[in-house]
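For reference, the structure is listed below as structure tokens.
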Ligand code: ACM
């Protein structure tokens, strides 16, 4: 195997050295100071588990050690790193902890696959001699988890973060609200801040109980639950420790039935709507001429902004099919303003490009006419997250017989290759217009992390390479070979993946779905990790 056959996403510059390899042995240490120490700690935890070595973290290194160093500057931006492996040891340098984190993921992939094991194994821990200089093509490399259709616990979200970060994915968009449920606690602001007396606690009290129900999922009904504000902070802190930014979404002005079911004042007749489990979309809306609409949106976005560490607030904007066009523009124009007044940059699905966007707004393109997105980006002031459904939607079936997944996106079903063979710079957009790439996982048919992983992997790996690696170093045949090698690592980690039949996998998936025609076996929902 070549040195680069285990590296995924592919680095910008890799130079295998015709020199003796580095062997990590039991007396090795990890050198780090200042901001490098926490990252060194993460590397040490991984290596200690599989090697059984002590690997103390020290200030000065000697031959045989691994060193992590924060340097003044490095070409390629804050997430760039350089990694040099010789017989003497492995030296990693970056200008930030994020760069070091990325470099650690690369170093990890240079070790034998047994490095991913949960217990010490008797392996020779050889790392090939190599020089790597690497930096991302795009700053934003994300996944979206729809926790509204079916809830994922804090622990489940953390597990998803653990898996995605090895591919240098660095953004997690949480779709927190939809017709079926409301998943984020909003405190009652007290009477002074609540002129219309909106019962905010009902958002999770009522809306948190909801979930989707579809006959093709196992089990049919999604999971209920919600995040307290403290839970959200906890997810964010964990994510930050792994170089992941959390982007919370409140979907407005459509996809709001759970809010309408919780808060009577949001309805023109002041009567709460019934909760709904249907997977249908585009049938609910906020009302443009109700003052409570704006009061509600301001309170929710203010509270969410106050607990969000990252720069972005996602305000949805998609599929408002029962909102009249003028009402849509009137509401979303105010919502983007309210969002901007929180000090965050607003993000919206591409329908929201129909309004005048504030400076710094981000358009997430998913579907439909591309021109308004391109025009706003060309005008300056807005960047684009590319999530074209036919190249990024991770909820879609792999083939017609997939036991879970949806199939509404034209051109499908979709495998790793449709999500690999595309260039985000298209239709008039160049790299400067593009903040990055995101793969959404909608959860109409997904009920646990194993099912989620099966839909995510390997397609999310395709997206990670699209987002990280320059077009000039990407090649589908080469990628397919590296995917094959990845199988063993995912299996060691206990991560479920789809065994794409055109890939030569180095190991079987932990939990393959069976062949076509047997998809209704109910055990799916109860198998534990
Ligand atoms: C979407 O898929 N409705 C953004």
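The values are calculated or read from the model by the stated rules, or taken from the named source; none is laboratory data. The structure presented is a predicted model; accordingly, all values stated were derived computationally and were not measured. Note: ideal-geometry Cβ built from the backbone for every residue, glycine included; neighbour counts use all protein chains shown.
Could you pull out the residue among 388, 311 that is under 20 Å from residue 143 (Cα atoms) and away from the ligand (no atom under 16 Å from the Cβ)? Please lay out each step first, then the result.
On the way: 388 fails: away from the ligand (no atom under 16 Å from the Cβ).
So the residue among 388, 311 that is under 20 Å from residue 143 (Cα atoms) and away from the ligand (no atom under 16 Å from the Cβ) is 311.
Here are the criteria: (1) touching a helix residue (DSSP H, G or I) at 6+ places or on another chain (Cβ under 9 Å); (2) assigned to a loop (DSSP other than H, G, I, E, B); (3) within 14 Å of the ligand (Cβ to nearest atom); (4) closer than 29 Å to residue 424 by Cα. Tell me which single one residue 282 does not satisfy.
That leaves (1) as the condition not met.
Please tell me if residue 368 is surrounded by fewer than 24 Cβ atoms within 10 Å (Cβ to Cβ), more than 16 Å from the ligand (Cβ to nearest atom) and more than 15 Å from residue 301 (Cβ to Cβ). Quick ask: steps written out before the conclusion?
Working: surrounded by fewer than 24 Cβ atoms within 10 Å (Cβ to Cβ): yes; more than 16 Å from the ligand (Cβ to nearest atom): no; more than 15 Å from residue 301 (Cβ to Cβ): yes.
Judged against the criteria, residue 368 is not a match.
Output the qualifying pairs, or none if there are none: Cβ atoms under 8 angstrom, residues six or more apart or on different chains, first residue in the stretch 359-382 and closer than 11 Å to residue 435 by Cα, second residue within 16 Å of the ligand (Cβ to nearest atom) and assigned to a loop (DSSP other than H, G, I, E, B).
What qualifies is 364/387.
Can you confirm whether residue 394 is part of a loop (DSSP other than H, G, I, E, B) and within 12 Å of the ligand (Cβ to nearest atom)?
Values: part of a loop (DSSP other than H, G, I, E, B): yes; within 12 Å of the ligand (Cβ to nearest atom): yes.
Here the answer is yes, as residue 394 does meet what is asked.
Please list, ordered by first then second residue, the pairs with beta carbon atoms under 6 Å, 6 or more apart or interchain, first in the stretch 316-329 and within 25 Å of residue 145 (Cα to Cα), second part of a helix (DSSP H, G or I) and within 14 Å of the ligand (Cβ to nearest atom).
From the stretch 316-329, the pairs are 317/351; 317/352; 318/351.
Just wondering, is there one or more residues in the stretch 332-353 that are surrounded by 17 or more Cβ atoms within 10 Å (Cβ to Cβ), part of a loop (DSSP other than H, G, I, E, B) and within 16 Å of the ligand (Cβ to nearest atom)?
no
Kindly indicate which of 485, 500, 467, 452 is more than 14 Å from residue 9 (Cα to Cα) and either outside any loop (DSSP other than H, G, I, E, B) or under 21 Å from the mean Cα position of the chain (by Cα) (or both).
Going through 485, 500, 467, 452 in turn, the sole match is 452.
Mind checking whether some residue in the stretch 243-259 is touching a residue at least 24 places away in the same chain (Cβ under 8 Å), more than 16 Å from the ligand (Cβ to nearest atom) and out of contact with any strand residue (DSSP E or B) (no Cβ under 9 Å at 6 or more places or on another chain)?
yes
Residue 374: part of a helix (DSSP H, G or I), at pLDDT 95 or above and either within 24 Å of residue 429 (Cβ to Cβ) or touching a helix residue (DSSP H, G or I) at 6+ places or on another chain (Cβ under 8 Å) (or both), yes or no? Break it down into steps so the answer makes sense when it comes.
Details: part of a helix (DSSP H, G or I): yes; at pLDDT 95 or above: yes; either within 24 Å of residue 429 (Cβ to Cβ) or touching a helix residue (DSSP H, G or I) at 6+ places or on another chain (Cβ under 8 Å) (or both): yes.
The answer is yes for residue 374.
Scan the stretch 120-161 for residues that are under 13 Å from the mean Cα position of the chain (by Cα) and without any contact (Cβ under 8 Å) to a residue 24 or more places away in the chain and jot them down.
Within the stretch 120-161, no residue meets the criteria.
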